[in-house]
Amino acid sequence: MPYKDPAIARAKARERSARPEIKAHQKELRDRPEAKERRKAYEKTEQFKKIRRKSEHDRNQRLKLFLMIHYGKGKAECVHCGFSDMDGLTLDHINNDGAAHRRQILKGKHGCKDFYRWVKRNNYPSGLQTLCSNCQSIKKARPNEFMPKQTAQLVLA
Ligand SMILES: [Zn+2]
């Protein structure tokens with residue numbers, strides 16, 4: 001029976017395919033050798049690779065946005081200067097132990113996305129903050145300006 005409202009039609013379709021006997025039937029269809037072959041061939045096409053690249057990219061961007069907000073005090077902004085272009089934002093190790101930390105946890109993987117996923121898997125540990133690439137370079141050159149207020153006071157006293 002067709003539904004006029006596409007949202008309802010989609011919900012009904014989801015409901016249908018969640019039923020165990022339907023699920024089993026769908027698996028049976030998927031497991032047919034000719035279906036497997038067709039899928040394999042499709043997965044080799046540029047079209048499929050393009051779609052997969054895009055969805056992976058979108059997933060990474062969503063995770064990055066979430067992390068930038070989480071470590072940016074509720075905003076996807078550099079905590080030091082307020083810069084907010086996502087492509088210029090990074091996760092900074094507050095105690096400057098990022099290189100060693102990455103070596104320890106990533107074991108040969110280098111990408112930001114691997115690090116972001118590690119952060120998610122490990123339940124968003126503390127010790128990180130959202131900084132823009134600019135501020136990160138300046139922090140490297142003049143770390144004193146980037147100390148948390150309390151520590152800075154201790155150093156002054
Ligand atoms: Zn900044």
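Select from the range 105-127 the residues that are outside any helix (DSSP H, G or I) and either β-branched (V, I, T) or surrounded by 10 or more Cβ atoms within 10 Å (Cβ to Cβ) (or both) and list them in ascending order.
Residues satisfying the conditions are K109, G111, Y124, G127.
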Fill in the blank from the handout: Residue pairs within 6 Å by beta carbon, gap of at least six or interchain, first lying in the range 76-103 and within 14 Å of the ligand (Cβ to nearest atom) and in a strand (DSSP E or B), second of a type in the set (G, A, S) and modelled with pLDDT of 85 or more, listed first then second, are T90/S133
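The values are calculated or read from the model by the stated rules, or taken from the named source; none is laboratory data. Quantities reported herein were computed from a predicted structural model and do not represent experimental measurements. Using ideal geometry, Cβ is built from the backbone for each residue, glycine included, and neighbour counts are taken over all protein chains shown.
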